[in-house]
Amino acid sequence: MQLDLSHHFGGRQTEYPAPVITDLAVLTPNGQPHRRRWEGVIDTGADLSVVPSEIFRELRLTDLRQRVRVWTYRKDEPPRELDIYYLKLGLPSGIVVLTKAIISERSNVLIGRAALLKMCLTINWPANRWGLAEVPIGAAGKE
């Protein structure tokens with residue numbers, strides 16, 4: 001999957017372009033899809049993915065009985081303890097990944113490193129392009 005970096009995501013314009021996936025499917029671990037498709041923004045600074053509470057309410061996700069302490073980029077907000085959930089993300093290229101996520105009030109899906117562990121992410125800033133590919137089994141860590 002090769003796409004252009006975007007200066008527009010989450011309903012806002014940004015100075016720095018980001019890898020954005022449109023038409024992202026969100027599914028339960030057993031494959032039940034959410035009724036609508038989502039915008040996904042890859043954030044390599046986030047450990048876990050973050051999904052809108054609308055997804056949680058509709059899919060009735062089950063927590064892992066694990067919690068994580070979360071800090072936001074807003075310096076005035078104290079950290080919070082949140083439940084962790086498993087879910088699947090279906091990319092338009094056909095790749096489906098199982099990942100851990102937390103729930104938040106947001107309008108898009110933030111795709112963290114936990115979802116990218118078996119992927120190869122390339123960003124070519126001068127060309128304004130990015131790519132995401134599945135790493136073949138047995139090829140991870142080999143050069």
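Before moving on, here are some points about what is shown:
- Restricting region 1-34 to residues that are among the polar types (S, T, N, Q) and more than 16 Å from LEU91 (Cβ to Cβ), the residue that is nearest to the chain's Cα centre (by Cα): THR28
- Sole exception among (1) among the basic types (Lys, Arg); (2) in a strand (DSSP E or B); (3) closer than 29 Å to ARG35 by Cα for ARG69, by number: (3)
- Evaluated against (1) loosely packed, with under 12 Cβ neighbours inside 10 Å; (2) within 19 Å of GLN32 (Cα to Cα), VAL97 falls short on exactly one condition, (1).
- Qualifying residue in region 38-45 (condition: modelled with pLDDT of 90 or more, of a type outside the set (D, E, K, R), surrounded by 12 or more Cβ atoms within 10 Å (Cβ to Cβ) and over 11 Å from the mean Cα position of the chain (by Cα)): no
Let's see how each residue does on (1) within 15 Å of the chain's Cα centre (by Cα); (2) assigned to a loop (DSSP other than H, G, I, E, B):
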{"position": "ARG36", "(1), (2)": "no, yes"}
{"position": "VAL50", "(1), (2)": "yes, no"}
{"position": "ILE102", "(1), (2)": "yes, no"}
{"position": "THR122", "(1), (2)": "no, no"}
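- Residues of region 52-66 that turn out to be part of a strand (DSSP E or B) and either among the hydrophobic types (A, V, I, L, M, F, W, C) or at pLDDT below 95 (or both), as a count: 4
- Every pair of residues 6+ apart whose Cβ atoms lie under 9 Å, when the first sits in region 60-80 and is free of Cβ contacts under 8 Å to residues at least 24 places away in the same chain and basic (Lys, Arg) while the second is surrounded by 10 or more Cβ atoms within 10 Å (Cβ to Cβ) and assigned to a strand (DSSP E or B): ARG65/ASP83; ARG65/ILE84; ARG67/LEU82; ARG67/ASP83; ARG67/ILE84; ARG69/ARG80; ARG69/LEU82; ARG80/VAL70
- The number of residues in region 1-34 that are surrounded by 12 or more Cβ atoms within 10 Å (Cβ to Cβ), touching a residue at least 60 places away in the same chain (Cβ under 8 Å) and in a loop (DSSP other than H, G, I, E, B) comes to 6.
- Test result for ASP83, farther than 30 Å from PRO136 by Cβ, assigned to a strand (DSSP E or B) and without any contact (Cβ under 8 Å) to a residue 24 or more places away in the chain: yes
- Qualifying residue in region 111-127 (condition: more than 19 Å from LEU5 (Cβ to Cβ) and either in contact (Cβ under 8 Å) with a residue 40 or more places away in the chain or touching a Cys at 6+ places or on another chain (Cβ under 8 Å) (or both)): yes
- Among the candidates LEU48, LEU82, the residue that is crowded, with 16+ Cβ neighbours inside 10 Å, out of contact with any Asp or Glu (no Cβ under 9 Å at 6 or more places or on another chain) and farther than 30 Å from ASN128 by Cα is uniquely LEU82.
The values are calculated or read from the model by the stated rules, or taken from the named source; none is laboratory data. Since we're looking at a predicted model, the values are computed, not measured. Here Cβ is always computed from backbone atoms with ideal geometry, including for glycine, and neighbour counts include all displayed protein chains.
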